[in-house]
Amino acid sequence: MSDDKDFVAGFDSNARKAPLRVAFVTRRTSPQVKVTDEEQLMTHPGVFFRVAIAVELLTIALVTLALLWDAPLEGLADPMHTPNPAKAPWYFLGLQELLHYFPPVVAGVLIPTLVVIALIVIPYFNINIQAESLWARDGIGRVRIVAVVAVVLCVFLAVFDVWVALVPTVIVAVFMFVAARSSAPSVPRFRRWLYSKPLSFWIMTWFLAEAAVLTAIGTFFRGPGWSWVWPWRS
């Protein structure tokens, strides 16, 4: 047996090219196996117990909220009396807010259809599995592309007077430009953290910001006739 005690663990589907090898280890031998794969966590019991704890904590929080505050339910539905405004459930209020600005075909059909098509098509593109920074390659070129996309989107929202959606778009674009200039080690840690984020992070951040703002406005700032009202006024 060789004196070299370092063994490398590897996997290959081609049995002829990389046949399986068996190493016999004596009692006095303690081989050191070098694994190149990333650290993995077993589903059971590691992930299972974490999910169970998260579900229990969420259940306790929901039960506590239900005991302390009543659900904001209205009276029984009356077909002879339609409430004004007739608001959708909270998870649809963002879409209902878009209907206030865009034509029904755009807000109710075109935008949701594009979102669904994007969710179907995106997995077939070259996905950034390593979560590489958006600015790691061709930073100047990507800054120009982001600038063009941001300007076109802002002009589109401004034409339809969707100022509530324009503000989150501008904020996310500003953070993206700040992140593009934050590769130096001397910049603050938060800027370097922004620099390390991939494109998927920025798209999801923009989407969540838009959904949160539109839902909040539809919930608290819309009154009769879908007019703008302040929450503290009856």
Taking the conditions exactly as written (modelled with pLDDT under 90, out of contact with any helix residue (DSSP H, G or I) (no Cβ under 7 Å at 6 or more places or on another chain), more than 21 Å from Gln130 (Cα to Cα) and of a type in the set (Val, Ile, Thr)), does Val187 satisfy them or not? yes
The lone condition Trp69 fails out of (1) of a type in the set (Phe, Trp, Tyr); (2) under 30 Å from Gly225 (Cα atoms); (3) surrounded by 10 or more Cβ atoms within 10 Å (Cβ to Cβ); (4) over 23 Å from the mean Cα position of the chain (by Cα) is (3)
Yes or no: region 138-155 includes at least one residue that is over 22 Å from the mean Cα position of the chain (by Cα), among the basic types (Lys, Arg) and surrounded by fewer than 15 Cβ atoms within 10 Å (Cβ to Cβ). yes
Only one of (1) surrounded by 13 or more Cβ atoms within 10 Å (Cβ to Cβ); (2) more than 26 Å from the chain's Cα centre (by Cα); (3) over 29 Å from Trp90 (Cβ atoms) does not apply to Trp226, and that is (3)
Do any helices (runs of 4 or more DSSP H) entirely within region 111-184 hold 1 or more residues that are in contact (Cβ under 8 Å) with a residue 24 or more places away in the chain and more than 15 Å from Thr205 (Cα to Cα), and if so, which? 139-159, 163-180
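The values are calculated or read from the model by the stated rules, or taken from the named source; none is laboratory data. Every value quoted in this text rests on a predicted model; they were computed, and no experiment measured them. Cβ coordinates were reconstructed from backbone atoms using ideal geometry, including for glycine residues, and neighbour counts include every protein chain displayed.
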